[in-house]
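Engineer: Structure incoming, see below.
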Amino acid sequence: MSLIDAAKAKLPTAWGEFEIHALEDEETQKEHVALTMGDLTGDEPVLVRIHSECLTGDALFSMRCDCGPQLEAALQKIAEAGRGVLLYLRQEGRGIGLVNKIRAYALQDQGMDTVEANEKLGFAADARDFSLAGKTLQALNVKTIKLMTNNPRKVASIESAGITVEERVPMQYGKNPHNEKYLSTKHGKLGHLF
Ligand SMILES: Nc1nc2c(ncn2[C@@H]2O[C@H](COP(=O)(O)OP(=O)(O)OP(=O)(O)O)[C@@H](O)[C@H]2O)c(=O)[nH]1
């Protein structure tokens, strides 16, 4: 699988100026995004967020999940550090796509949790592939990172790509009455850490 750094430009944001890289996955034809800030070379670990697409949370202000607040917090932390990478991977709905995620929401409205709903639809609880994240960091020449996540699977898969995760930075943001069950299921069934 190869990833093409197809285009890059400056991206001023509410938190500071990033560089945006449009990445094309030759195998799946999917387009992903990397936002970078500062000089990524050297021995000092780079602050990294690997964020999976969540249209409802990232763009439509949904309170069913914690994705939007995590995305904002990650950009803010990178800007404060003046250095870092945010990978935005097009793996909507933990890899099952938008339509199936909304089907899963409808099942959750009937009482299932997020894992049971995925399984009822015939999918794994988490159908994502993080190998692309490892490849992108390698392409950006990033070798040692501080990874902003509560998900131990992300840590394991990025390490298996040969990247050293020197520290895990917890990302507890955006808890609200609508996502309480979702967050406790991620903790209880998907092994998410606090
Ligand atoms: N199938 C499904 N996907 C969901 C649901 N709620 C949110 N998502 C998706 O879950 C993913 C969350 O991505 P991330 O925030 O990067 O990852 P995470 O596994 O929660 O780990 P961290 O946030 O890094 O701790 C996004 O792709 C969302 O679209 C749901 O109820 N069902």
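The values are calculated or read from the model by the stated rules, or taken from the named source; none is laboratory data. This is a predicted model, so every value here is computed, not measured. Remember, those area values only see protein heavy atoms, side chains included, never the ligands or the DNA or RNA. Shrake-Rupley method; radii C 1.70, N 1.55, O 1.52, S 1.80 Å.
Engineer: Got a number for the accessible area of Ser184? Probe 1.4 Å, square angstrom, nearest 10.
Structural biologist: The value for Ser184 is about 70 Å².
Engineer: Pairs of alpha-carbon atoms within less than 8 angstrom and 6+ residues apart define the contacts here; what relative contact order does the chain have, in percent?
Structural biologist: Across the chain, relative contact order equals 21 percent.
Engineer: Provide the per-residue ³J(HN,Hα) series for the stretch 180-185, in order, calculated from phi with Karplus coefficients 6.51, -1.76, 1.60 and θ = phi - 60°, each as a whole number of Hz, with x at glycine and proline positions.
Structural biologist: For the stretch 180-185, the Karplus-derived couplings read 4, 5, 4, 5, 5, 5 Hz, x marking Gly and Pro.
Engineer: So what are the ³J(HN,Hα) numbers for the stretch 130-141, from phi and the Karplus equation (6.51, -1.76, 1.60; θ = phi - 60°), rounded to whole Hz, Gly and Pro as x?
Structural biologist: For the stretch 130-141, the Karplus-derived couplings read 9, 4, 4, 5, x, 5, 5, 5, 4, 5, 7, 6 Hz, x marking Gly and Pro.
Engineer: Please work out how much length the chain gains when fully extended from Thr13 to Gln172, using 0.36 nm per residue of separation minus the C-alpha to C-alpha distance, in nm with one decimal.
Structural biologist: 55.0 nm
Engineer: Continuing with this model, one more query. Could you list, in their original order, any pairs among Lys30/Lys181; Lys8/Lys101; Lys10/Lys30; Lys10/Lys154; Lys101/Lys186 whose Cα atoms are separated by more than 20 Å?
Structural biologist: Lys30/Lys181; Lys8/Lys101; Lys10/Lys30; Lys10/Lys154
Engineer: Relative to the present Cα-Cα distance, how much length would full extension add between Arg90 and Glu72 at 0.36 nm per residue of separation?
Structural biologist: 4.8 nm
Engineer: Under 4 °C and 1.567 mPa s, how fast does the chain diffuse according to Stokes-Einstein, given a Kirkwood radius computed over C-alpha pairs? Answer in µm²/s, whole number.
Structural biologist: 75
Engineer: OK, next. Once you order the gyration tensor axes a ≥ b ≥ c over the Cα atoms, which shape class does the stretch 1-45 get: rounded for a/c under 1.5, otherwise prolate or oblate by comparing a/b with b/c?
Structural biologist: Oblate, because a/c is 1.5 or more while a/b does not exceed b/c.
Engineer: Along the stretch 25-30, what does the Karplus equation 6.51 cos²θ - 1.76 cosθ + 1.60 (θ = phi - 60°) give for ³J(HN,Hα), rounded to whole Hz, x for Gly and Pro?
Structural biologist: Result, rounded to whole Hz: 8, 4, 6, 9, 6, 7.
Engineer: Residues of the stretch 16-103: accessible area per residue at 1.4 Å, in Å²?
Structural biologist: 45
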